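The values are calculated or read from the model by the stated rules, or taken from the named source; none is laboratory data. Small disclaimer: the values here were computed from a predicted structure and weren't measured. Here Cβ is always computed from backbone atoms with ideal geometry, including for glycine, and neighbour counts include all displayed protein chains.
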Amino acid sequence: EMPCSSIQFRCPSGLRNNPRLRCLDRSAICNGVPNCMRGEDEANCTRRNCSSYQFQCANGLCVPSSYVCDHDNDCGDGSDEPASCVYRNCTNTEYPCENGRCVSRSATCNG
């Protein structure tokens, strides 16, 4: 495995958009967007004030409010998917995925 350069941050868990890659440009650290699979690039950052349309994660990260209870650990620490989440049931025009999300039946098996 190639080491990261001095201008890169190493994501031990891999990058969200490509888990096989581990190096992230340092400009993407503490920018409010978790790029590492487990949000390591947003850990230990100065706590920010989230805007009114954002949710403040337990680790200080700000994510869009629509990301809360969407079956995806967007915060990296799980705080946007608490045990108190109430997930809706899929309609008869949707297919339930393994992760709990509902996808339009017309979108299934379309590559």
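Filter segment 48-84 down to residues that are more than 14 Å from the chain's Cα centre (by Cα) and polar (S, T, N, Q) and give me whichever is surrounded by the most Cβ atoms within 10 Å (Cβ to Cβ). Per the stated criteria, the residue is Ser51. Considering every residue within segment 58-76, establish whether at least one is among the aromatic types (Phe, Trp, Tyr) and out of contact with any Phe, Trp or Tyr (no Cβ under 8 Å at 6 or more places or on another chain). Within segment 58-76 (the criterion being among the aromatic types (Phe, Trp, Tyr) and out of contact with any Phe, Trp or Tyr (no Cβ under 8 Å at 6 or more places or on another chain)), the answer is no, since none of the residues qualifies. Could you please find all residues in segment 70-111 being in a helix (DSSP H, G or I) and of a type in the set (Lys, Arg)? Listed by number, the list holds a single entry, Arg105.
The combined condition, being touching a helix residue (DSSP H, G or I) at 6+ places or on another chain (Cβ under 8 Å), part of a loop (DSSP other than H, G, I, E, B) and exposed (fewer than 14 other Cβ atoms within 10 Å of the Cβ), is not fulfilled by Pro3.
Residue pairs whose Cβ atoms lie under 7 Å apart, separated by 6 or more positions or on different chains, with the first residue in segment 45-70 and farther than 14 Å from Pro34 by Cα and the second hydroxyl-bearing (Ser, Thr, Tyr) and part of a loop (DSSP other than H, G, I, E, B), are Ser65/Tyr53; Cys69/Tyr87. With respect to (1) of a type in the set (Asp, Glu); (2) surrounded by fewer than 17 Cβ atoms within 10 Å (Cβ to Cβ); (3) modelled with pLDDT under 85, the lone exception for Asp25 is condition (3).
Residue pairs whose Cβ atoms lie under 9 Å apart, sitting 6 or more positions apart in sequence or on different chains, and linking a residue in segment 85-104 that is at negative phi and surrounded by 11 or more Cβ atoms within 10 Å (Cβ to Cβ) to a partner that is aliphatic (A, V, I, L, M) and part of a loop (DSSP other than H, G, I, E, B), are Cys85/Val68.
Filtering segment 37-69 to residues that are among the hydroxyl-bearing types (Ser, Thr, Tyr) and not in a loop (DSSP other than H, G, I, E, B) leaves Ser65, Ser66, Tyr67. Residues of segment 18-36 that are in contact (Cβ under 8 Å) with a residue 12 or more places away in the chain, more than 24 Å from Cys50 (Cα to Cα) and in a loop (DSSP other than H, G, I, E, B): Pro19, Arg22.
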